[in-house]
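> Got a structure for you, written out below as structure tokens; questions coming shortly.
Read the figures in this text as sums done on the coordinates, not as results from a lab. What you see is a predicted model, and the numbers here were worked out from it, not measured in a lab. Here the Cβ positions follow ideal geometry from the backbone for every residue, glycine too, while neighbour counts run over all protein chains shown.
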Amino acid sequence: MATNDELTARFGDRFDPALGEGMAALVESGGVPGYLGMQFTEVGPGWCTCRVDVTAELLNPFGAAHGAVVASLVDHVLGSAVFPLVPRGTWPASLEFKVNYLAPAREGELLARAEVVSLTSRTAVVQIECTSNGRVVATALGTVAIVPPKAAPKT
């Protein structure tokens, strides 16, 4: 994975700090990120980090975070790393992602760091690493569609 300085050098000229700062409000608005209590801990040009506190209610019968918790976090940071890099009104929509589960995520902090690998006018590729209490538990790679704003309807 790249350093913050490397990502800033690649994407700093496209980064909208106001959009980056406003991403926390998107989580607070509800939905699955709100239900899971996702919190952005860092947002920068081409990267973001988001956490979930894994509690007993998110565990499977074997004491590990359900895979859907990890996948939801991956999906959320996939587009979020791209969001402050694209023009306002543009929507980064997940096209696909693949998760490699490496170890069980346990009760405690689940953290996902997403980094933009490639960004064009139509798509982005994002790499994600998830850690549970400091241990790497999953990696993911995904593709995001860059959806331009819809034109106003003709009257």
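> Would you mind finding the one in 115, 107 that is of a type in the set (Asp, Glu), under 20 Å from residue 134 (Cα atoms) and within 16 Å of the chain's Cα centre (by Cα)?
115
> I'd like the residue in region 73-96 that is outside any helix (DSSP H, G or I) and among the hydroxyl-bearing types (Ser, Thr, Tyr) and, out of all such residues, is farthest from residue 1 (Cα to Cα).
90
> Looking at region 102-125, which of its residues are aliphatic (A, V, I, L, M) and in a strand (DSSP E or B)?
Hits for region 102-125 are 110, 111, 112, 114, 116, 117, 119, 124, 125.
> Looking only at region 43-59, count how many residues are aliphatic (A, V, I, L, M), in contact with a strand residue (DSSP E or B) (Cβ under 7 Å, 6 or more places away or on another chain) and assigned to a strand (DSSP E or B).
Adding up the residues that qualify gives 3.
Matching residues to (1) touching a residue at least 12 places away in the same chain (Cβ under 8 Å); (2) assigned to a strand (DSSP E or B); (3) touching a Lys or Arg at 6+ places or on another chain (Cβ under 7 Å):
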site	(1), (2), (3)
61	no, no, no
98	yes, yes, no
127	yes, yes, no
146	yes, yes, yes
